[in-house]
1. Seen from all sides and averaged, what is the projected area of the convex hull of the Cα atoms in segment 21-69, in nm²?
2. Hey, any idea what % of segment 1-139's accessible area is carbon plus sulfur with a 1.4 Å probe?
3. What value does segment 3-44 have for Rg/Rh, both radii from Cα atoms and Rh as Kirkwood defines it?
4. Packing-wise, with mean Cβ within 10 Å as the measure, how do 35-42, 66-73, 22-29 rank, highest first?
5. Over segment 1-51, average the accessible area per residue using a 1.4 Å probe and give it in Å², no decimals.
6. I need the shape label for segment 1-153. Rule: rounded when a/c is under 1.5, else prolate if a/b > b/c, else oblate, with a, b, c from the alpha carbon gyration tensor.
7. Please report the Cα spread of segment 62-114 along all three principal axes, rounded to whole Å, starting with the longest.
8. State, to one decimal in nm, how far the label point of Leu89 lies from the label point of Ala76, with both points 7 Å from Cα in the Cβ direction.
Amino acid sequence: MPLETHYPARDTLPSEPGIDAVVVLGGGWRPEAPWSSTGRLYDSSAVRLMEGIRLWRQAPDLPLVVTGASRDPGEAPIAQGYAEVARELGVHEAQLRILDQPTDTGEEARAVHDLLGDGARVTLVTSASHMPRAMRHFQRAGLDPIAAPTHYLLDSGQENSLGYWVPSAGHLRKTERAIYEALGLLMVKAEH
């Protein structure tokens, strides 16, 4: 809960002027799967991209920046998968920026900085549990990010149900994610 509630969800793009881009952080996908382009995206990636496109449609003159490489040299970068889906969902090639070299959040932040410049104001889209760490990376890279969290794991409003209190693999997965992000937050200082 502390990770996912740190930044509020956004219904709209920020109304203040000066937004330079909508940035969707990389995730995972199955590039060789015999499915549609959207089916090849992991759940978190699909939700991130869907949210990024939803916000981008409110200001379609902005660039939509998609990021993420693969750590496996034989696997196509997630940014390419994002770009394929974005095109199929109506994002014009002229508005699409593909950063397919960064393999982690710190590298993504530096690549966005290299693309847009110091102090660039970006609407940053990633999973809610990942947002605190992503914001720190983007701030330390010299950018001015505005959080647009999505892909919530928290079962808001379920605290009064029996299922909420019964141990489950799903709850264990949430604990794993929280520990992973907490350790990642500690590493931000070492990376910048």
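1. Spelled out: convex hull of the Cα atoms, projected over all directions, averaged, 3.4 nm².
2. Its accessible area is 50 percent carbon and sulfur atoms.
3. 1.12
4. The most tightly packed comes first, giving 22-29, 66-73, 35-42.
5. Value for segment 1-51: 55 Å² per residue.
6. rounded
7. Sorted largest first, the three principal extents are 28, 26, 12 Å.
8. Placing both labels 7 Å beyond Cα along the Cβ direction yields 1.7 nm.
The values are calculated or read from the model by the stated rules, or taken from the named source; none is laboratory data. These figures come from a predicted structure and were not determined experimentally. Because the Cβ atoms are built from the backbone with ideal geometry, glycine has one as well, and the counts that use them run over all protein chains shown. Ligands, DNA and RNA are excluded from the accessible area calculation, which covers all protein heavy atoms including side chains. Shrake-Rupley method; radii C 1.70, N 1.55, O 1.52, S 1.80 Å.
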